[in-house]
Structure formats: structure tokens, C-alpha cells
Amino acid sequence: MTCTNSEMKAALQALFLGELKPEGHARLREHAKTCAECREGYERLSRVESALEKRVLPKGREALLEAQLMERVRASQQAAAPERRSFWDWWKVALPAAAVAAVALLVVLPRGRGTGPAEGEWQARKGSTDSAFGVRAFCVSSEGKVRGEALPGGKLECPEGAAVQFSYTAPQSARLSVAAKSSSGEVLQFFPREGAPAPVTPGVDVPLSYSTPVQGGWLSAPMEVRARFTDDKGQVLGETQVTLTPAK
Amino acid sequence: MAWEWDQERLRRFREGAPEVLGEVYRAHAEPLARALRSVAFRGRGFAHLQGALEVENTVLETFARAFEPRTRLAYDGVRPYAQFLMGIARNVVLEQSRSREVVAGLGPQDEGSTVDWELGAAAGRGESLEQQLEDQEVEALLVNFKQGLSPEERELFELRFTEGLAQESAAERVGLTRIQVRRREKGLKQRLLDFLQARGYLQNIQAQGWGFLKGRGEA
């Protein structure tokens, strides 16, 4: 079998000569995943560079990966940052909103002073922004492939027949509970399977020890799953939420 | 790996300052790659990490997760960052391993507890015989290639590729300008590529350089 992709052949050579751009390197790596011939060339060139430099990760490849890494970091920061609007865009939104808020203040403030919701009630509805505690959710197909993932505060679509897997990040030991309330009011406990919150060790992106199959119709409507980290005294250390929705 | 964190660096790291992220990456990428390669030969189910492509993908994925805002906040600046990083790499590798097992129809096997995941704990241990033989083949080819170089070329080759000197420093040592060093260096690499193809080590890599085309009889 001979690969006829001349762009990739040229990319292999450019990689060795130190002339390949990070985008070209990303394309080459993607191609080499499925092309045995180019993969062989990639591996052999790497072996030569490693032997020359006495490194597992030759300097040139380290630099190419760094550029790709920084691009991913930039992209995720841009995705997380609110969209910038022009002054007039803001003004168009802000003016009516300010008017409504002013009226609401006049009507609500005299009665509502001192009776607002506790801070915890608000936090439970959002992914916390200043805590390092959090959970991510993954939808894993029956073939074992990850079909989607949701960060804290995000949304995950998962179809019947797949499974939902959670992973957590905790900077210190804590007790964790992951649970949701179905549309019928039933409490669905994902972790632990039953009983009080279970202890978890500190770690980053630690997968919980089991996944939950999506079957029997429990995920027939959007569902807000809340993960709560507490200390031994029951004090909340962090709280996040992920929304699960059914997918076709 | 001696990597010093001070309050300012930690603050800027947590903010996601690109220059600090770059420093952290450059200080830890090679040790992480070395540790991953070492794991490949010690754990059943991690053999895929013997390949450069998989090691690179794992290094990239590990740092991408390590540099997510929440993960940056989770690092306390006290314990060694290499250790923190290895915890993430372990999860990345176990996920890869599990998905391979499912695809291959094998039962799940959690080797996280049986393999030593300490960074650099056993670097260089337990390479396969096949790998050792191929390394010897490459080493012999390189020795052979260097023997065919002039003394000046050999000096430049050693300074740039073996000692890893910067172009400026190498230029000073051999009495050339940096531009001249760059040109000669490219010529040397092109000749090495040509040499490796002629000896049958590399095949089917399209060449653009004249020397290479002539060597293949395609020009």
C-alpha cells in the first residue's frame, strides 16, 4: 500500500528540516493516525532526531507542540470570555434594562430588603467561577467512544443506549455527591449510588469509578445535575452544575 | 526537575499568562515525554506509548488539560508541578487505554495502581529488544554519516545537533555568521535525509532538495 498524499510526504521532510509550520504539523499528525506508511516515516524520523539530540521529544517537535498547545489555550479562553460588544450595542441593551431595573428597585426594594436569597442558593445554579472544585461530564457511546463532554456549567447531550461518566477536580480531600432531580421530582443519585456524600481524594479530572447507562427513559428531558463538595462537617467547599439533555 | 515557583509566577500562571505557560511547558515537556516512554515498557496495555506520535499526542493532551483555567487554579504551587502533571497524564493514558480495550474487545484493566507513575521514576528501563535494535541501527547510521563529513562539517554537526548549541553560539565557535550556519545546517540535514533513504532506513518520503532527487535518480 502506498500513500499518494504528496502534501504529507513533503510535510514529513519539512518536519525533519525544521521548516514545518504548527498547522502543518497538526495536519500531519492527524493524517499519520490513519496512514500506516506516513506513520512509519514519522516514527523513524523521530527516532533519528531523538538519537541525535538524546531526547525523547526532539526540540523541533517540542516547539511545534507548544504552538499548538497555546492555540488551544487561546481558543478556550476566547470561548470562555463574553463576546465583546460595541458601545452602541451595549447601550441599546443597557438603556431599557436600566429603566426596568430602576422601576423594579422602586417596587421591590422596600419589601424585599433583607429577605433576599442566601448566597448558596444562587451558587447552586451556576458553575462556580472562583473555586477549583468541579465536575466534567462525558457521554460515552456503547462502542466506548466519547461522543461529547461538558465543562462545569455546561450542557451535555447523551442518547439512549450511551452512558454518562463524570470526572471531578478537587484541590483537597472532600466528600462528593452528584445528583439531579427528574421532571417528576424523583431524586436521581449518580455518585455515590446511594447514601451520604462519599469521600474523594484530591486530584484533577479523576474519573468516578462507574458510569451511568442512559436507559429506561430517565433522561427524557433536560436535567440539571448538581455536584456538591463538602468537608467532614458538611460545609460546602464547592458546587457546580452540568445540564444533561437527551439526544437522538 | 528543579522548577521554582514564586508567588508572582504562580499568580501569573493562574491568570493564564502565555509566557509563563510557555515556560512551564518547556520545563516539563521533555521529562513528561521521557516518563511516558518509560511507562510504555512497564505496563501491559500502554504499549502504544512506545511510538513518538502517541507520546506527542499524550503530552499535548496532558498540557491542554493542565492549562485549563480550573486546573491551573487547582495547582497549589507547593508540591512539585511534575508530580501534579503526571497525575493528569495518568488519567489521559488510562482513558486512551480503556478506549483501546473496548475497541479491541478486551476486558477492562486498571493498571494505574500497578505501574509506577512517578515522573522519571524508571526512565530508560526496560526497552523492548526490537526498540534497542532499531536504536542501535540508527546510531550506526549516524556514525557512518558523520564519517563521510569534512572536519568542519562534522564540527558543526556535533555542535548543533549533538550538543544542541544555539545557532549564534555555534557560529561563534566555527567562525561563521549565523546565516551561514543556518544554510550549512539545512544542507547537512538534507544530506542526512538523503543518506538515510539511500541506506533504506527511510522510504517514500518525497524530497524537494536537489541532492536528494539526484540520489534517488529521479532528477
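The values are calculated or read from the model by the stated rules, or taken from the named source; none is laboratory data. Predicted model, so just to flag it, every value in this text is computed and none were measured. Cβ: placed from backbone, ideal geometry, glycine included. Neighbour counts: every protein chain shown.
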Problem set entry | Which listed residue is assigned to a strand (DSSP E or B), touching a residue at least 12 places away in the same chain (Cβ under 8 Å) and more than 30 Å from B:VAL78 (Cβ to Cβ), from A:LEU219, A:LEU237, A:LEU156, A:LEU176 | A:LEU156
Exercise. So how many residues does the range A:46-56 have that are within 19 Å of A:GLU19 (Cβ to Cβ) and either facing chain B (nearest Cβ under 7 Å) or surrounded by fewer than 18 Cβ atoms within 10 Å (Cβ to Cβ) (or both)?
Worked result: 4
Seminar exercise, completed: Of the residues in the range B:67-85, those that are at the interface with chain A (Cβ under 9 Å from one of its Cβ atoms), farther than 20 Å from B:ALA29 by Cβ and part of a loop (DSSP other than H, G, I, E, B) number 1
For this session: Return the residue satisfying two criteria in turn: it lies in the range B:25-39 and is among the hydrophobic types (A, V, I, L, M, F, W, C) and either in contact with a Lys or Arg (Cβ under 9 Å, 6 or more places away or on another chain) or not assigned by TED's automatic domain parsing to the domain that holds B:LEU60 (or both), and of such residues it is farthest from B:THR62 (Cα to Cα).
Result: B:VAL39
For this session: State whether the residues of the range A:169-188 include one that is in contact with a helix residue (DSSP H, G or I) (Cβ under 6 Å, 6 or more places away or on another chain) and surrounded by 13 or more Cβ atoms within 10 Å (Cβ to Cβ).
Result: yes
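Output the number of residues of the range B:205-219 satisfying the condition of being over 23 Å from the mean Cα position of the chain (by Cα) and either at pLDDT 90 or above or in a loop (DSSP other than H, G, I, E, B) (or both).
Filtering the range B:205-219 for residues over 23 Å from the mean Cα position of the chain (by Cα) gives B:206-219.
Now narrow it down to the ones that are either at pLDDT 90 or above or in a loop (DSSP other than H, G, I, E, B) (or both): B:206-209, B:217-219.
Total meeting the criteria: 7.
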Exercise. Among the residues of the range A:123-131, is there at least one that is at pLDDT 90 or above and touching a strand residue (DSSP E or B) at 6+ places or on another chain (Cβ under 8 Å)?
Worked result: no
Problem set entry | Positions within the range A:26-44 being more than 15 Å from B:LEU60 (Cβ to Cβ), in a helix (DSSP H, G or I) and either in contact with a Pro (Cβ under 6 Å, 6 or more places away or on another chain) or more than 7 Å from chain B (Cβ to nearest Cβ) (or both), in sequence order | A:HIS31, A:THR34, A:ALA36, A:CYS38, A:GLU40
